[in-house]
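Below is one structure; the comments refer to it alone.
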Amino acid sequence: MEDCSFRPSTDSLDDPPNSRLFLVISKSISEDVIRENFSVFGEIQDIWMVKDKQTKESKGVSFVKFAKSSQACAAMEEMHGKCLAEGTKPIKVFMAQSRSSGSHRDVEDEELTRIFIMIPKTFTEDDLKETFKEYGDIEYCIIIKNKTTGESKGLGYVRYHKPSQAATAIENCDKTFRAILAEPRTKNSGADNDYFSNARSDHVTGDTGMSGYPFADASNYTMGDGRSSDIITRCLMVSSRASITQEQVYGLFDLIPGMDYCEMQRDPYGFSKGQAMIRYNNLGSAVYAKEKLNGFEYPPGNRLVVAYIDDGEDRSSPVGKMAMQLVAAQMMSMVWNGPSGPQLMKTSAGFSAPSVPQMPRVQTDVVLPPLKKLAPSDSWVKERLFVVFNPAPLPVDVLEDVFCRFGSLVEVYLVPGRNVGYMKYAERKNANDAMAALHGKRSLTSARGPIRAILPPNRELSDMTFSMTGHRKDDAST
DNA sequence: CGACGGGACGC
DNA sequence: CGACGGGACGC
C-alpha cells in the first residue's frame, strides 16, 4: 500500500498530525541506533539529528518522523526513559510540537488521549464504549447532552489511557465518526461560544418568514374557502421578494410539464416587479404548480407566492370550483405522485384516488425503482452524493422522489444560495446504486441544463463522477 | 535540561 | 463548470 520507500523525505509538514517525535538523547547516540530502536514501531519516514553546524557534533536532540501517529505514539510510550547504550542517560521522547506552532512546550498525554467524535443521537455512552473499546482501554466515555432536556447533541468524547490508543481509534474507526483529538477542556477561550452554537435551530433556512410575511396566509387553498382569488385558471402569478430572474422562474415552473408561457412582469418603466406570469396548457399542471410551489423557498429563505390569475379564458363558476380542483388534483396526483401525494391528499381528502402504479414525478429514460421509504432522519449517514444543478436546484421533494428509490435516503440537503446539494444515504450501497443507475443517463425533469453529481467520500477524493442530463417534457418529439 | 535540515517542477 | 453543515465539555 504505502511502502513508498523511494519517496525522498520531503514531508517537512507534520502530516499526519502527531506523527513526529522529539527525542532528547545522549550526544553519543548515532542515527543508526535510533533507527534500530524505533523502526520496530512502524514506518520511519525521516530521522534528523540536530548537529552543530561547525563541528558536526550531535547536540543530543533528534526528530523521528513516522508514517502514522499511532506508530509515533507507540514508540513514545515504549521508548521514553529507555537507555539506548551502556552508560548513557535514559532518553526522553515527546511528541514534537508542530513546526508551525513555534512553541517548545512539551505536548502532554492529556492532549493526546481524548478523542472527539460525532455520533448518532441515539448512541448511548455504553454504545460508545462498545464501539471504541477495540482500540484500547477506555478511561471514560461522555456524550454531550442538552442540559435541560438531557437529549444527546450527537457529540461525544472518549478518553483512552494511552496516546497510541486514541491515535489508533482516530485512524481506524469509521470515518463517519469524524474522530479527531479533543482540544483540552481547560482552555476556555477556544470554544466559549456555547450560547450561540446551542441556540442553533435545525432549520438552517430560517422559519422567520411565515410571520410578518404579508403573503404568508395566501398559501394552500382550502376547500370551501370562498375567496374570489381562488378561481382556478391555467395562469399563475408568482411573486418574490428577493430578486429573481426569468431564467430561475422558468426553470422552476418548467419542472411541471405543460408550461407554455413564462414572463417576468415589468412596470411601465421596464423595472422588474418581482413577479412573473406563467401559463400552462392545462389546468391540472397549473393546479399542481400552485400546490407545490406556493410557499416554496426559492432561493432558500425567500418564500414564493403563487396565485391563480384570471386570464379571461378559464373562468369557472364558484359552484364548479371544488369539483374542478378535485379533478385536477386527482389527475395530477395520478400522473405525478401516485395516489399518496401528501399535499394533494389534503385537497382530495376522502376521495379515493384510483390505484395507479407508482409513477415518478420526474421524467427519465432510466427505469427507476419504485418509491422507497426514507430512512429515519437520525440514521447514520454513511455516504453522500454531491449534486450540481444547472441552472437552479430542483425542488427537494422532486429530488427525494428520485433519490429515495435506491433505498436508505436520509436527507436531501441543498446548500443555501448555491446550485449544489447533497443526497445522504444510510447505506453506502444505496448511494452507489443511485450512481450506477443514473451515471451518464438522461434523467430528471427539466432543469434546463445538466445536473451532475459525484459521490464524494467523507474525506478522500473520488473520481466517481456522473452526470444527469436535463430532459424536457416537451422535447420528447425532437 | 532539550526544538527545526535537506531538496526542488509538471500538466 | 460546481463543493458544505453540522463540532466542544459545569472538575
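The values are calculated or read from the model by the stated rules, or taken from the named source; none is laboratory data. Because the structure is a prediction, the values reported are computed rather than measured. All Cβ positions, even for glycine, are placed from backbone atoms using ideal geometry, and neighbour counts span all protein chains on display.
A few comments on the model shown:
- Out of A:L444, A:L438, A:L409, A:L414, one residue alone is at pLDDT 85 or above, over 14 Å from A:K372 (Cα atoms) and crowded, with 20+ Cβ neighbours inside 10 Å. It is A:L414.
- Filter result (within 16 Å of DNA strand C (Cβ to nearest atom) and surrounded by fewer than 21 Cβ atoms within 10 Å (Cβ to Cβ)) within the stretch A:12-68: A:P16, A:P17
- Within the stretch A:90-136, the residues that satisfy the criterion of being surrounded by 13 or more Cβ atoms within 10 Å (Cβ to Cβ), closer than 24 Å to A:E77 by Cα and free of Cβ contacts under 8 Å to residues at least 12 places away in the same chain are A:P90, A:K133.
- Qualifying residue in the stretch A:96-106 (condition: over 29 Å from A:V33 (Cβ atoms), within 16 Å of DNA strand B (Cβ to nearest atom) and of a type in the set (G, A, S)): yes
- Taking the stretch A:11-65 as the range and being touching a Phe, Trp or Tyr at 6+ places or on another chain (Cβ under 6 Å) and among the polar types (S, T, N, Q) as the test, only A:S19 passes.
- Residues that are within 16 Å of DNA strand B (Cβ to nearest atom), closer than 29 Å to A:E36 by Cα and within 34 Å of the chain's Cα centre (by Cα) do occur in the stretch A:112-127.
- Summed over the stretch A:144-170, the residues that are more than 21 Å from A:S69 (Cα to Cα), near DNA strand C (Cβ under 10 Å from one of its atoms) and not small (G, A, S) give a count of 7.
- All positions within the stretch A:82-124 that are modelled with pLDDT under 95, within 15 Å of DNA strand C (Cβ to nearest atom) and out of contact with any helix residue (DSSP H, G or I) (no Cβ under 9 Å at 6 or more places or on another chain): A:E108, A:E110, A:K121, A:T122
- Residues that are of a type in the set (G, A, S) and at pLDDT 75 or above were ranked within the stretch A:348-399; the one that is surrounded by the most Cβ atoms within 10 Å (Cβ to Cβ) is A:A375.
- Any chance A:S58 is in contact with a strand residue (DSSP E or B) (Cβ under 8 Å, 6 or more places away or on another chain) and small (G, A, S): yes
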